[in-house]
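Read through the structure below, which is laid out as structure tokens, and then see the notes.
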Amino acid sequence: MSFLNVLDEALKERASFYIKEGKLKYKTKLGGLSIELQTKLKESKNEIFEYLKDKELSSKKLHRSLPLLV
């Protein structure tokens, strides 16, 4: 299973991901994620981290390139 599939599965379970102090973190709804999904996330952690880091950098670049509206 690709890391994007794992990420999609977690998002369907209402997990939210973020990077804090250089580490991948996530929050879940009350009750958390299944042990199976937690295992898949651990196995895909580095790929998900890189993917989100790239998305964050792309978002910052886009934000800086947009003109200010007055």
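Coordinate-derived values only; no laboratory data. A quick note: this is a predicted structure, and the numbers were derived from the prediction, not measured. So basically every Cβ, Gly included, is an ideal-geometry build from the backbone, and we count neighbours across all protein chains shown.
Of note:
- FRET E, pair residue 57, residue 29, Förster distance 25 Å, beta-carbon r, rounded to 0.05: 0.30
- Full extension of the chain between residue 13 and residue 50 gives 11.2 nm of extra length, using 0.36 nm per residue less the Cα-Cα distance.
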